[in-house]
Structures are given as C-alpha cells and as structure tokens.
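Input: a single structure, listed below in structure tokens.
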Amino acid sequence: MKADLLLQDVRIVTMVGGRYGLIENAALVVHEGIIRWVGEALALPQVQARTVLAGRRRLVTPGLIDCHTHLVYGGNRAAEFEQRLLGATYEELAAAGGGIMATVKATRRTSAEALAAAARPRLRTLLREGVTTVEIKTGYGLDLETELKMVRVMEMLEEDLPVEIAKTFLGAHALPPEYRRRAEAYVDLVCDQMLPQMAERVEAVDVFCEAIAFTPAQTQRIFGRALEHGLSIRIHAEQLSNLGGALLAAGMGATSADHLEYLDGAGARAMAAAETVGVLLPGALYTLRETRRPPVDLLRRLGVPMAVATDANPGTSPCFSILTTMNMACVLLGLTPEEALAGVTVHAARALGRAGRLGTIEVDKQADLVLWDVETPAELAYYIGYNPCSQVIKRGRSLTLS
Ligand code: DI6
Ligand code: FE
C-alpha cells in the first residue's frame, strides 16, 4: 500500500455513529489527502510511506468543525457589553443605534482588507484548537455591495489559512434602517437582487426568524427562492421566542435549525422526520444570560442529531473557543462529553452537508485529524481555557499554526 503519511502509536477516536469508537494501539494511513486505512496497528498491511509520524500514544480525533459563526465583521461591541452590565437594556441600546445595526455600520465602512485582517486572528484562534472547517455567515452588510464584500473576505481568509470555509448568505439577519417599516420591500431585495448574485458564491441561505427580525412567512419566501437556486437552507429559530421557525424550515428540508431554546414538540418532531440537525449555541445563551434551555432530552429521545457551535459574533457570543463551547454545551445544556464531541465533528459535518467527506475517521474520508495531549476524549469538553491540541493535519498535511 502506497502512502503519503503513516500515523503510528496513536489512540483513535473515530466518532462513527456519534460514538467515541476508541481504537487503542491504532495506526492510520493517508494517501492524497484521504484516509486509506485505519485500525489496530497489529492488523496494519505492508505500507510504503513517504512520512511516518509517531503519535506517542496521543489521542486522535477528526478535525473539529465549527458549523455556525459570524466571524467576519467590523468594529466590536465591548462598549455595549459594558453598558449592559451597567444596567442598559437591549432595547435602549438598539434605539441608540446599537445592536446588530452598529456592526452593520462598522462593516459597511471597513475595507475588505481590514475586515480580513480583523477576522484572521479570530479564525487562527479557532484553528489552534483543532478546527479544520468553519462556517461563516454574511449578514452585517444588508446591502448587496457589503454582502458581496463579506464573501470576498471569506475567500481571502480561505486563501491565507489552511481551513475550509462553508459560506452562508444571511441577508435576512436584520432590517436595515433604510428599509424601516418596509420589510416586504427588503425581502424582495433579498430574493430578487441579492440571492441571484450570491448564489454563485455561497452554498447555503440562513434567515434570522424572530419577532425582532423576520416572520415565518418572510422566511418561507426567502427559502423558496434559495431552493430554486439549488442552495441549502438553514435557520436561526426559537432563540428568543417560539414562532415555529424550526417546524417551517424542517418542512422545507432545512439542513439545520439553530439555537432552539424555545423549540416545542411539534418543531422537534418535524426536525426528526426531516433529519434536520439541531445546532446548539451555548455561547449566545451564556452571554445573554438566557435561562430557557433548548429541549435536549426531547431532541435526544427523538434522535435529532445535535451539533454544537460557537456562534462567534460581536454581540451575543464573542466566543472564539470551540473547546470552551463544548464545555458550555455540557455544563449549561446537559450534553455528555461524547455528545459534545459528536456535536463538533460528525453532526457538525451533517449540518454543513459534508457528512460524506468529513466528521469521522473512516476509510475514504478526508484526512482532517487532530492529535491531542490527553488521556481520555472526555478531557476535550472538561477543561476551561486550556488547550491540549498538539498537532493538526489538514487533508493529510501537518500544519504549523502560529
Ligand atoms: N442571532 C444572534 O444571537 C446573533 N445573530 C443572530 O441571528 C446576534 C448577532 C449580533 O448581535 O451581532
Ligand atoms: Fe448566529
């Protein structure tokens, strides 16, 4: 067997079927970026490998996947964070031009180069924790020019850094001030002007379906158009209230419904029937000090796959640590460490429509791998602010991350 890389003396957590699937005394063979063989070292066939890597009994997992972020944006909202802790409410801040609109203003006036320069260290922080694939949403432009600029920034990041970026169009994130009281006209703009141009450059369309954002009827209209363009659909649903967004999106074949704090039984059953992934975002719940929890027991009982993501954004989740997010998913939402790891590997791959290629360690999958200095996989969700990542392999190549 010919190989570019033979990885030996490792313990492999395959995550097949969402379980650890730990193989002790394991070996793994990579050729042309693809896993060609994995199993117990004793059964390893004859291999002529160009590179042999001794893992010194480190634990190996699939490359981690952050399947929901907004990490391209201008400015930051630390001042709002401070004002909120001094007693200001969201409504007051929004009325004073804060909230999502503050970030929209900053993103509109920042160049693509400056946006990329600001996003790079955020993305690097994720990569240093073993993230090899990340989803990034637009949604801080809310006009065609700036939405396209955000996609260009993602393309620049992908050129500079060894990471795969899944690009999502979130033109329906908030109603821009120039469309005040003309929401339907803005939805027309999203459907008729923005979507046709964005369709070439992104793979999915997301809508923030919420009382402070877009209604289910508007969401349905946008999703209908997205499907006509051959894009997959995802939704921010049931974060602040229950509008039935997850039910609607699942009925239209959404790949994921995200947040879900206020999800009800009908929504959860629709997700189970449609095999829609539930993406849990504990960083937002934590930052907003939300007391309502997504119905994890119900999702588990119905067999809805649960992914876990940072929701990295300047307002509700200024969090750029996938490991801390796994810890929050356990401590705040009651996931097991195994479920949290499945949430950032196999189920996250599914939320991004990449389950055939990413998310587990199996023959024929892409060789995105992380070597960890830990004894047990539960340690990945256990530490807070400690990074045991020892080495990252992307498409079969070892990375040096500065
Ligand atoms: N849900 C959220 O929590 C964020 N966006 C979204 O759709 C908020 C983004 C922000 O405040 O900038
Ligand atoms: Fe979000």
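Some notes on this structure:
- If R0 is 22 Å, the Cβ-Cβ spacing of Ala114 and Gln83 corresponds to a FRET efficiency of close to 0.30.
- Once the C-beta distance of Arg269 and Glu362 is scaled by a Förster radius of 25 Å, the resulting FRET efficiency is 0.25 to the nearest 0.05.
- Cross-link partners of Lys149 among lysines (Cα-Cα below 25 Å; sequence separation of 8 or more within a chain): Lys105, Lys137, Lys167
- Label-to-label distance, nm, for residues given as Arg201 and Met1 (7 Å Cα→Cβ offset): 4.3 nm
- Gain on full stretching of the segment that runs from Gln193 to Glu24 - 0.36 nm per residue minus C-alpha separation: 55.4 nm
- The value for the chain of Rg(Cα) / (2.2 N^0.38 Å) is 0.97.
- Cα-based helix-to-principal-axis angle, 216-228 vs the chain, degrees rounded to 10: 50 degrees
- Folded to 0 to 90 degrees: helix 112-128 orientation relative to the chain principal axis, Cα: 40 degrees
- In loop segments of segment 1-97 as defined by DSSP, the trypsin sites (Lys or Arg not before Pro) with at most 15 further C-beta atoms inside 10 Å of their C-beta are Arg19.
- Here the spin labels are modelled as points 7 Å beyond Cα on the Cα-Cβ line, and at Glu32 and Ala185 they lie 5.5 nm apart.
- Chain lengthening between Glu92 and Glu145 when straightened (0.36 nm per residue, less Cα-Cα): 16.2 nm
- Near-label residues of segment 54-87 by backbone N, under 18 Å of a point 7 Å along Cα→Cβ of Leu401: 58-72
- The slack between Arg301 and Asp160, meaning 0.36 nm per residue of separation minus the straight C-alpha distance, is 46.5 nm.
- Segment 64-351: antiparallel DSSP beta bridges as a percent of all, rounded to 5: 5 percent
- Share antiparallel - DSSP beta bridges, segment 1-119, percent rounded to 5: 55 percent
- Of all the options Ala94, Ala378, Ala116, the one that moves most in a Gaussian network model of the chain with Cα springs shorter than 10 angstrom is Ala94.
- Crossing angle, helix 100-109 versus the chain [Cα axis fit, 0-90 degrees, rounded to tens]: 80 degrees
- Scanning the chain for GluC sites (Glu not before Pro) in DSSP loops with at most 14 neighbouring Cβ atoms within 10 Å leaves 33-199 as the longest stretch between them.
- Solvent-accessible area per residue in segment 64-351 equals 36 Å², computed with a 1.4 angstrom probe and all protein chains kept.
The values are calculated or read from the model by the stated rules, or taken from the named source; none is laboratory data. Just so you know, these numbers come straight off a predicted model, no measurement behind them. Because the Cβ atoms are built from the backbone with ideal geometry, glycine has one as well, and the counts that use them run over all protein chains shown. Quick note on the areas: whole protein, heavy atoms, side chains included, nothing else; ligands and nucleic acids left out. Shrake-Rupley method; radii C 1.70, N 1.55, O 1.52, S 1.80 Å.
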